């Protein structure tokens, strides 16, 4: 019942956050986004009954993503960079967490090739728009791509519960796709379409990662 209440409140906060974005209201974002991001951390803590290294790194990654969410509220370059660094570090912790419960395997080459192609396509599209930010954006793309690949190693680990594997993989892929809308808003085209599609995808992904902790004991 508590989780149902959290999910219900989160949906309402997400709708309010979308309204704030539509109205370009920073006050509205401050009133909704930090609380909404705290919700996926709360879910992760409620799902975690045994603290393994996997759970520790995952929750730490979620906390850094919360920091990144807060840093992205002000529409300023310095806070954007702080947010980028927070998310990048969060992804690094996700990678470490994923490899606590799965190991790299050369048989995952198809997944690696697919991720590489998608990342290359995104970078090709972005390249002319990110002059002066190419190094940090490229670094971020590399790290998040490795994070998705690491999620595939978890998904291919048949010793783990299928529900947990699917939740984790879906969360990782959704996170990757949601970031495309973030960079589109920041560097290419400012449009309400970006948060309209990106925010539900992002929060759905983070909640998916948080819920997976209840199925993956590390």
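Observations, loosely collected:
- Once mean projected area of the Cα convex hull in nm² is calculated for the structure shown, the corresponding label among (1) 11.4; (2) 13.3; (3) 15.3 turns out to be (1).
- Maximal additional length on extending the residue 26-residue 142 stretch stands at 38.7 nm, based on 0.36 nm per residue less the C-alpha distance.
- Per-residue ellipticity at 222 nm from helix content only, as computed over the chain with -39500 (n - 2.57) for each DSSP H run of at least four residues, stands at -27000 deg cm²/dmol.
- Difference of contour (0.36 nm per residue) and Cα-Cα distance, residue 99 to residue 125: 6.3 nm
- Among 109, 204, 170, residue whose mean-square fluctuation peaks in a GNM of the chain (springs only between Cα atoms under 10 Å): 109
- Pairwise label distance in nanometres, residue 193 with residue 117, each label 7 Å out on the Cα-Cβ vector: 2.4 nm
- Region 115-156: C-alpha gyration tensor shape, a/c 1.5 cut-off, then a/b vs b/c: oblate
- Scoring 206-212, 121-127, 95-101 by mean Cβ neighbours within 10 Å over their residues and listing the highest first yields 206-212, 95-101, 121-127.
- Relative contact order for the chain, counting Cα pairs under 8 Å that sit 6 or more residues apart, in percent: 24 percent
Every number in this text was worked out from the coordinates using simple rules, so none of it is lab data. Keep in mind that this is a model prediction, so the values were computed, not measured. Cβ: placed from backbone, ideal geometry, glycine included. Neighbour counts: every protein chain shown.
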